[in-house]
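Chemist: I'd like to ask some things about the structure below.
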Amino acid sequence: MPGRFFLIRPMTEIATVLGVSNTAPGQSARNNIQPGQEMVVLTTRGLVSMRWGMIPVGRVNARGRPVMETIINARSETVFDKAAFEGVGRAVVPVDGWYEWTGEKRRKTAWRIASKDGAPLFFAAITDRWQAPGGLHVDQFAAVTCEPNADLEPIHHRMGVLLDLAGVQLWLTAPEEQAKELAQPWPNGLLHIEQATDVDWTAP
């Protein structure tokens, strides 16, 4: 369930793969994308920039209590049912891969996860718009997660919902019940996992 993303390939290549004409100018390659930062996501409007992490101002849980923590990832099992997610939109996050960690604090091992064939990966996401002080609107998203496949299970108990190109369009446009069916672990054997010892984790 992505701890951090990375996107190295040009956004023009992402746009070509997705069949869209705009490339969200100003987005450069990044090897360490953290929650709270801007990322390019695909919506029905094309490629747009959004903040990773939904500030849940005004959202409440099933008991009517305010949701306090910023939502970075959302569980697929409840994302369509929880009161806290009422009225969210959908988007797709194109990346080259993501990072996870194992081990004890101060002795953690970082893992880089990417597609085995080198193709970009597409994460299902939900979106929201936060009205910040001063009337500023901030578009924001959270990645949707599911149970891990056999490749990821030794590393983490969750993984992001990954979509093929057909699934990308369904996630964006299909009715809710059909979108739910996409929230499945990625097939085994399609990911390349390696230790990530070459990343400066303090860098923005």
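The values are calculated or read from the model by the stated rules, or taken from the named source; none is laboratory data. Nothing here was measured: the structure is a model prediction, and the numbers come from that model. Here the Cβ positions follow ideal geometry from the backbone for every residue, glycine too, while neighbour counts run over all protein chains shown. Please note that ligands, DNA and RNA were not included when accessible areas were found on the heavy atoms of the full protein model with its side chains. Shrake-Rupley method; radii C 1.70, N 1.55, O 1.52, S 1.80 Å.
Chemist: Among 168, 127, 188, which residue has its Cα furthest toward the positive end of the charge dipole of the chain, with +1 on Lys/Arg Cβ and -1 on Asp/Glu Cβ?
Modeler: 127
Chemist: Around residue 89, with a cut-off of 13 angstrom between Cβ atoms, what is the net charge of the other residues, counting Lys and Arg +1 and Asp and Glu -1?
Modeler: With Lys, Arg at +1 and Asp, Glu at -1, the net is -1.
Chemist: Using just the C-alpha positions of the chain as equal point scatterers, what log10 of I(q)/I(0) does the Debye formula give at each q in 0.14 1/Å?
Modeler: -0.83
Chemist: I'd like the accessible area for residue 85: 1.4 Å probe, protein heavy atoms, all chains in place, Å² to the nearest 10.
Modeler: Solvent-accessible area, nearest 10 Å²: 20 Å².
Chemist: Let me ask something else about it. Excluding residue 34 itself, what net charge comes from residues whose Cβ is under 13 Å from its Cβ, given Lys and Arg +1 and Asp and Glu -1?
Modeler: Residues close to residue 34 contribute a combined charge of +1.
Chemist: How do the peptides 159-167, 91-99 rank, highest first, by the average count of neighbouring beta carbon atoms within 10 Å per residue?
Modeler: Ranked from most to least packed, the peptides come out as 91-99, 159-167.
Chemist: Related question: Per residue of the range 117-129, what does 6.51 cos²θ - 1.76 cosθ + 1.60 with θ = phi - 60° give for ³J(HN,Hα)? Whole Hz please, x for Gly and Pro, Karplus curve as stated.
Modeler: Coupling constants for the range 117-129: 8, x, 6, x, 10, 10, 9, 6, 9, 10, 10, 7, 10 Hz.
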